[in-house]
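The block underneath contains the structure these notes are about, expressed in structure tokens.
The values are calculated or read from the model by the stated rules, or taken from the named source; none is laboratory data. Every value quoted in this text rests on a predicted model; they were computed, and no experiment measured them. Ideal geometry is used to build each Cβ from the backbone, glycine not excepted, and the neighbour counts take in all protein chains shown. Protein only, heavy atoms only, side chains kept; ligands, DNA and RNA dropped before computing areas. Shrake-Rupley method; radii C 1.70, N 1.55, O 1.52, S 1.80 Å.
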Amino acid sequence: MAGRNSLFIPGPTNMPERIRLAMDVNTEDHRALSAPDFMVPLFEDLKKIFRTEKGEVIVFPSSGTGGWEAAITNTLSPGDKVLTARFGQFSSLWIDSCRALGIEVEDIDVPWGEGAPVTQIAERLAADTQHEIKGVVVCHNETATGVTSDVKGVREALDACNHPALLYVDGISSIGAIEFEMDAWGVDLAVAGSQKGFMLPTGLGIVGVSQKALQAGETALCPRFYFDFKMMINQTRTGFGPYTPAMGLLRGLRASVDVLLEEGMGNVWQRHHRLAEGVRQAVAAWGLSTCAKTPAWQSDTVTGVMVPEHIDGQEIVKRAYQDYNLSLGGGLTQVAGKLFRIGHLGDLNECMLFSALGGAEMVMRDLGMDIEPGKGVGAAIEYWHKNK
Ligand code: PLP
């Protein structure tokens, strides 16, 4: 197919040339005496992305799912109970993985398009006077629906009743892109993956761990070996890990951390908000709605665009790829066919986003939808023009 693929899936994301080139390195001796000179500052700087000074950041050679398996098995024992809410594919997968690992899950069912129900969580925690709940699990950014949850609100709910449960946050499609404050929000386990905000290929599960979570590891009985925090913390502190590190990806991670810190986390979050708002203006101009039910839930990294009942969202995704070399995200499980998703995170700017918005318009017109040419693109232009 002629021309470049326009990549607007919500991860893996577009990779800046600087990051791609940083990974083009020859094989390295990961046990060389100089290895700590590279490793130790990298792990220190990673903390600035997670916004933690008190915690540690551990990097596993895995996808994000490995990172969350590590978060669970390093801090809980079989039979322990966690409280969580189910409002999309990824929040549901957390529940499945906890259960598969022998953890009891109390889950609150929430309509897809909403996020973590802070009031209900607060009520359940307040009623748990015996502190049977050992962890509260929040999917910060539900990539399947384009919904962002209020992690700070969940921390406040824990604090309001002095509940000692650990706070687990899936930040796989939020960390490095939208506001995330590990220390200020009292997050104990913060899980990220390399292929979203970090703009790298898939292959690193990056986990922020509070001192309280490390302490919990002393008594946690879930079996673990490859994903053991204690073994990996040595890599964080000394530069030498328990097994062969993915050096190429770590070289890329160094460049990624540099790119993010040079822009400044506040600016990164602001850019994502501004770009996302342009996309939302386009969706409104098309006469469509977002899967996120109210503006408060709308994610700045991915937008789920609901399609009319007679249109198959999956067909939009298929035609976009087939006819225009444009990659959009499809609907998953409960919302399969009901929406398509535009990922807008990572290395992105307005002009890149025009290809997603313009391409989506063309496909919707091809499918017979009543979309005036340029309507969505025009609305985004107007918003970005007025909000420089
Ligand atoms: N959680 C969220 C919110 C995600 O978006 C994803 C992947 O898209 C995952 C978890 C799973 O991560 P991975 O595919 O890196 O294992």
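Working only within segment 1-19, note down all residues that are within 21 Å of the chain's Cα centre (by Cα) and more than 16 Å from the ligand (Cβ to nearest atom). It would help to see each step written out before you state the result.
At the first step, the residues of segment 1-19 found to be within 21 Å of the chain's Cα centre (by Cα) are 6-16, 19.
Once the filter is applied, which keeps residues that are within 21 Å of the chain's Cα centre (by Cα) and more than 16 Å from the ligand (Cβ to nearest atom), segment 1-19 yields Ser6, Pro16, Ile19.
Could you list, in sequence order, all residues of segment 224-234 that are touching a helix residue (DSSP H, G or I) at 6+ places or on another chain (Cβ under 7 Å) and assigned to a loop (DSSP other than H, G, I, E, B)?
Kept after step one, since they are touching a helix residue (DSSP H, G or I) at 6+ places or on another chain (Cβ under 7 Å), are these residues of segment 224-234: 224, 227, 229.
Answer for segment 224-234, where residues must be touching a helix residue (DSSP H, G or I) at 6+ places or on another chain (Cβ under 7 Å) and assigned to a loop (DSSP other than H, G, I, E, B): Arg224, Phe227.
Among the residues in segment 282-299, are any within 17 Å of Thr143 (Cα to Cα), away from the ligand (no atom under 15 Å from the Cβ) and surrounded by 18 or more Cβ atoms within 10 Å (Cβ to Cβ)? Steps first, please.
Of all residues in segment 282-299, those within 17 Å of Thr143 (Cα to Cα) come to 289-299.
Pick out the ones that are also away from the ligand (no atom under 15 Å from the Cβ) and you get 289-290, 293-296, 298.
Narrowing the set further to residues that are surrounded by 18 or more Cβ atoms within 10 Å (Cβ to Cβ) leaves 290, 298.
Within segment 282-299, one or more residues are within 17 Å of Thr143 (Cα to Cα), away from the ligand (no atom under 15 Å from the Cβ) and surrounded by 18 or more Cβ atoms within 10 Å (Cβ to Cβ).
Restricting the search to segment 3-22, which residues are open to solvent by less than 40 Å² (accessible area, probe 1.4 Å) and assigned to a loop (DSSP other than H, G, I, E, B)?
Within segment 3-22, Phe8, Pro10, Gly11, Thr13, Asn14, Pro16 meet the criteria.
So which residues in segment 284-328 are of a type in the set (A, V, I, L, M, F, W, C) and in contact with an Asp or Glu (Cβ under 7 Å, 6 or more places away or on another chain)? Outline the logic, then answer.
Of the residues in segment 284-328, the ones of a type in the set (A, V, I, L, M, F, W, C) are 284-286, 288, 291-292, 296-297, 302, 305-307, 311, 316-317, 320, 326, 328.
Trp297, the sole residue that qualifies.
Can you name every residue in segment 121-150 that is more than 13 Å from the ligand (Cβ to nearest atom), open to solvent by less than 40 Å² (accessible area, probe 1.4 Å) and of a type in the set (A, V, I, L, M, F, W, C)?
Residues satisfying the conditions are Ile121, Ala122, Leu125, Ile133, Val136.
Within segment 200-218, track down each residue that is open to solvent by 10 Å² or more (accessible area, probe 1.4 Å) and farther than 11 Å from Val59 by Cβ. Working first, answer last.
Going through segment 200-218, the residues open to solvent by 10 Å² or more (accessible area, probe 1.4 Å) turn out to be 201-203, 210-212, 214-218.
Pro201, Thr202, Ser210, Gln211, Lys212, Leu214, Gln215, Ala216, Gly217, Glu218 - these are the residues of segment 200-218 that are open to solvent by 10 Å² or more (accessible area, probe 1.4 Å) and farther than 11 Å from Val59 by Cβ.
What number of residues within segment 190-215 are more than 16 Å from the ligand (Cβ to nearest atom) and either of a type outside the set (A, V, I, L, M, F, W, C) or not assigned by TED's automatic domain parsing to the domain that holds Ala144 (or both)?
At the first step, the residues of segment 190-215 found to be more than 16 Å from the ligand (Cβ to nearest atom) are 209-215.
So of that shortlist, the ones also either of a type outside the set (A, V, I, L, M, F, W, C) or not assigned by TED's automatic domain parsing to the domain that holds Ala144 (or both) come out as 210-212, 215.
Count: 4.
As an exercise: evaluate Ile233 against (1) more than 15 Å from Glu69 (Cβ to Cβ); (2) aliphatic (A, V, I, L, M); (3) surrounded by 22 or more Cβ atoms within 10 Å (Cβ to Cβ) and give the number of the one condition it does not meet.
The single condition Ile233 does not satisfy is (3).
Name the single residue that is nearest to Lys196 (Cα to Cα) among those in segment 25-80 being of a type in the set (Gly, Ala, Ser) and surrounded by fewer than 23 Cβ atoms within 10 Å (Cβ to Cβ). Walk me through it before giving the result.
Taking segment 25-80 as the starting set, the residues that turn out to be of a type in the set (Gly, Ala, Ser) are 32, 34-35, 55, 62-64, 66-67, 70-71, 77, 79.
Checking the rest, the ones that are also surrounded by fewer than 23 Cβ atoms within 10 Å (Cβ to Cβ) come to 32, 34-35, 62-63, 66, 77, 79.
Numbers: Ala32: 30, Ser34: 30, Ala35: 26, Ser62: 14, Ser63: 11, Gly66: 15, Ser77: 30, Gly79: 33 Å.
Taking the candidates together, the pick is Ser63.
For segment 181-189, check the following and say yes or no: at least one residue is among the acidic types (Asp, Glu), surrounded by 24 or more Cβ atoms within 10 Å (Cβ to Cβ) and within 11 Å of the ligand (Cβ to nearest atom).
Initial filter on segment 181-189 (among the acidic types (Asp, Glu)): 181, 183, 188.
In the following step, the residues that additionally are surrounded by 24 or more Cβ atoms within 10 Å (Cβ to Cβ) were identified as 188.
The next check asks that each one be within 11 Å of the ligand (Cβ to nearest atom); those that pass are none.
No, the conditions are met nowhere in segment 181-189.
Residues are listed down the side, and each one gets a yes or a no for (1) within 12 Å of the ligand (Cβ to nearest atom); (2) assigned to a loop (DSSP other than H, G, I, E, B); (3) outside the structural domain of Gly203 (by TED's automatic domain parsing):
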residue	(1), (2), (3)
Met39	no, no, no
Leu46	no, no, no
Glu53	no, yes, no
Ser62	yes, yes, no
Ile72	no, no, no
